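Trainee: Sharing a structure with you now.
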Amino acid sequence: MNEFSTSSWRARAHELGLDPQEVKNVSSRYDMYRSYHQERGSDTLPLDRWYRWYRVEKLSDGHAMLAPPEPGCSVGSEVVTDGPIVTEEAFYQLLLQYRDSR
């Protein structure tokens, strides 16, 4: 793992106001998705298409904007926001940066 790359994606996550662990979690979900389908001989979506699908699924769950933040989340209840904390594209670019650093 490249130490500079690691600090770069972490620094970018903090600039965006995100918990770096969330980036790792989403990356891990993609790895699990690929592993599951590849073990069964199924085709898998490339990361960009999977991420679009993942975002739609998360938003359709209905809890994305209604549930309180998880304990330890970088977005506390005192934060007032009218929309997403970060754009889909900004998070995707951060996800790519993290995956390139591994």
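Trainee: So THR44 clears everything in (1) at pLDDT 95 or above; (2) in a helix (DSSP H, G or I); (3) among the β-branched types (Val, Ile, Thr) except one condition, right? Which one?
Mentor: (2)
Trainee: May I pose another question? Among the residues of the range 29-48, are any touching a residue at least 60 places away in the same chain (Cβ under 8 Å), among the charged types (D, E, K, R) and under 14 Å from ARG99 (Cβ atoms)?
Mentor: Looking for residues that are touching a residue at least 60 places away in the same chain (Cβ under 8 Å), among the charged types (D, E, K, R) and under 14 Å from ARG99 (Cβ atoms), one finds none in the range 29-48, hence no.
Trainee: OK, next. Looking at TYR51, TYR33 in this structure, which one is aromatic (Phe, Trp, Tyr), at pLDDT 95 or above and within 12 Å of the chain's Cα centre (by Cα)?
Mentor: TYR51
Trainee: Restricting attention to the range 11-23, which residues are within 14 Å of SER101 (Cα to Cα) and surrounded by fewer than 17 Cβ atoms within 10 Å (Cβ to Cβ)?
Mentor: The one that is within 14 Å of SER101 (Cα to Cα) and surrounded by fewer than 17 Cβ atoms within 10 Å (Cβ to Cβ): ALA11.
Trainee: Can I ask one more? Does at least one position in the range 18-28 carry a residue that is under 15 Å from the mean Cα position of the chain (by Cα), outside any helix (DSSP H, G or I), modelled with pLDDT under 95 and within 16 Å of GLU89 (Cα to Cα)?
Mentor: yes
Trainee: Also, I was wondering about something else. Quick check on the range 70-87: of everything there that is modelled with pLDDT of 60 or more and not hydroxyl-bearing (Ser, Thr, Tyr), which residue is surrounded by the most Cβ atoms within 10 Å (Cβ to Cβ)?
Mentor: VAL86
Trainee: Checking ALA90 against (1) over 12 Å from the mean Cα position of the chain (by Cα); (2) modelled with pLDDT of 90 or more: exactly one of these is not met. Which one?
Mentor: (1)
The values are calculated or read from the model by the stated rules, or taken from the named source; none is laboratory data. Quick caveat, the model's predicted, so the values are computed rather than measured. No Cβ is skipped: glycine too gets one built from the backbone with ideal geometry, and neighbour counts run over all protein chains shown.
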